[in-house]
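Let me begin by presenting the structure, written as structure tokens, before commenting on it.
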Amino acid sequence: MQILIDADACPVKDETYKVAARYKIPVVVVSNSPIRIPRDPLISRKIVSDAFDAADDWIVETATPTTVVITADILLADRCLKLGATVLAPSGKPFTSSSIGSAIAMRAIMADLRAGGENLGGAPPFSNADRSRYLSSLDETLVRLIRMA
């Protein structure tokens, strides 16, 4: 079992380290450039090339059904779900095979609106409630996967 973090814009890296340490689960921080990580034998860093989707491709090549992937990238979430991996958004919302289709469709609609010149604003700021929900969701996910193993 391991946790892979799509790290370039992930706001919950520290929270992930803490929960993973509790269960002694390795964490791999995947990015296109060096990101500081704690000195801990369970935490490692994988720096990939700056090619388009290089981090996503590495995560997909590495993910298995015993992997938890942390990402806000809907298309990466879809690719990982197809491999049987468990995928969580930094907000704590799990991506599932039943929810990913609507998430991809909404992403496409929003992209079309932006391309048409609509000013939709951005995502709401990351809140303490998001952080709390993420911690709870990651903990529940790891407990479930440990029990299944």
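The values are calculated or read from the model by the stated rules, or taken from the named source; none is laboratory data. Computed from a prediction, not measured in an experiment: that's the story for all the values here. Methodologically, a virtual Cβ is constructed for each residue, glycine included, from the backbone with ideal geometry; neighbour enumeration extends over all protein chains shown.
Values as computed for the structure displayed
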item	result
Subset of the stretch 43-78 (residues that are without any contact (Cβ under 8 Å) to a residue 40 or more places away in the chain and crowded, with 21+ Cβ neighbours inside 10 Å)	Ala77
Condition met for Leu142 (at pLDDT 90 or above and among the hydrophobic types (A, V, I, L, M, F, W, C))	yes
Matching residues, the stretch 39-88, being under 15 Å from Ile3 (Cα atoms) and polar (S, T, N, Q)	Ser44, Thr62, Thr64, Thr66, Thr67, Thr71, Thr86
Helices (runs of 4 or more DSSP H) enclosed by the stretch 1-112 - at least 3 residues per element that are at pLDDT 95 or above and basic (Lys, Arg)	13-23
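To keep it simple, each residue is scored yes or no on (1) in contact with a Ser or Thr (Cβ under 7 Å, 6 or more places away or on another chain); (2) over 24 Å from Ile74 (Cα atoms).
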{"site": "Ile3", "(1), (2)": "yes, no"}
{"site": "Asp14", "(1), (2)": "no, no"}
{"site": "Tyr17", "(1), (2)": "no, no"}
{"site": "Tyr23", "(1), (2)": "no, yes"}
{"site": "Val28", "(1), (2)": "yes, no"}
{"site": "Ser33", "(1), (2)": "no, no"}
{"site": "Arg39", "(1), (2)": "no, yes"}
{"site": "Ser49", "(1), (2)": "no, no"}
